[in-house]
Amino acid sequence: MENYELLITAGLGLAVLLFGYRIKKIAFFIVWFILGWHLMTLLLPNIMHLLPEVVNTTLYKDVLLPIAGGVLMGMLGFTVEKLCVSLICFFLVMAITVQYFGTDWLTLAIGAIVGAIAGGVAVQLMKPAIILATAGAGSYAITTTILVLASLNQEVFYFPLLIGIAVIGAIFQFSTTKRSS
């Protein structure tokens, strides 16, 4: 990713981290947009053989296709709220699993089980789940940006940064949304 993409991701992550519950519809769109953007950039090498003339064009490969993937996934953010919260929790668990523990099939299966449980619990506890999910999503965006921009060792700093930033965001959101339903 380019530095400007990282900074945009961090800025959006900060908004979701601190104000996720207050701007939950926008936050859902931002979270799903970022997930769609990253998913499309990860899938591009695998789909290059299908449309080589399109994917090899810099404008499509670096800008239009990732934005299209982000917008398509972002539109999911405007759908059913319970589905969004559940899937955000599931995908956050899977993103952390892949980022830190790898892509071995057993690791992915365990991550999927934990993600499904997290998604189910999130549906039962909507307000706290929205706050925790948006704090986690914002923290994930900021953490990955910090690791890349500062060239920090992922094995050492990933979880302390992720958890620390998420806790700060969750505390901020819980303290500023006490009276909100």
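For this structure, a couple of remarks:
- Surface per residue (accessible, 1.4 Å probe) for the chain, Å²: 55
- Entry note, the stretch 55-181: relative contact order of 21 percent, from Cα contacts under 8 Å with a spacing of 6+ residues.
- Relative contact order [Cα under 8 Å, 6+ residues apart], the stretch 1-98, whole percent: 33
- Taking Cα centre as origin and charging only the Cβ of basic (Lys, Arg, +1) and acidic (Asp, Glu, -1) residues, the dipole magnitude of the chain rounds to 860 debye.
- For THR9, the solvent-accessible surface with a 1.4 Å probe is about 10 Å², rounded to the nearest 10.
- Residue among ALA116, GLY70, LEU7 farthest towards the positive dipole end of the chain, charges placed on Cβ: ALA116
- Rounded to the nearest 10 Å², the accessible area of MET73 at probe 1.4 Å: 50
- Solution diffusion estimate, µm²/s, Stokes-Einstein, the stretch 142-181, Kirkwood Rh from C-alpha pairs, 37 °C, viscosity 0.692 mPa s: 290
- When the P(r) is computed for the chain, the part past 23 Å accounts for 42% of the Cα-Cα pairs.
- Inverse of mean 1/r across different Cα pairs in the stretch 102-181, Kirkwood, Å: 14.1
- Exposure check, 1.4 Å probe, all protein chains in place: TYR4 carries approximately 130 Å² of accessible surface.
- Ligands, DNA and RNA left out, the accessible area of the stretch 1-122 computed with a 1.4 Å probe is 76% carbon and sulfur.
- Karplus-derived 3J(HN,Hα), 6.51/-1.76/1.60, for each residue of the stretch 63-74, Hz, glycine and proline x: 10, 5, 5, x, 5, 4, x, x, 5, 4, 5, x
- Kirkwood Rh in Å, taken over the stretch 1-89 so that all alpha-carbon pairs contribute: 13.7
- In order along the stretch 99-113, the Karplus-derived 3J(HN,Hα) couplings, from 6.51 cos²θ - 1.76 cosθ + 1.60 at θ = phi - 60°, round to 5, 9, 9, x, 10, 4, 4, 5, 4, 5, 5, 5, x, 5, 5 Hz, and Gly and Pro are given as x.
- Applying the Karplus relation 6.51 cos²θ - 1.76 cosθ + 1.60 with θ = phi - 60° to the stretch 116-130 yields 3J(HN,Hα) values of 5, 5, 4, x, x, 5, 4, 5, 6, 10, 4, 4, x, 5, 4 Hz, where x marks Gly and Pro.
- Note on the chain: dipole from Cβ charges, positive end direction compared against THR58, ALA166, ILE130; the farthest Cα belongs to ILE130.
The values are calculated or read from the model by the stated rules, or taken from the named source; none is laboratory data. Computed from a prediction, not measured in an experiment: that's the story for all the values here. Please note: Cβ atoms are built from the backbone with ideal geometry, for glycine as well, and neighbour counts cover all protein chains shown. What goes into the accessible areas is simple: the full protein's heavy atoms, side chains included, and nothing from ligands, DNA or RNA. Shrake-Rupley method; radii C 1.70, N 1.55, O 1.52, S 1.80 Å.
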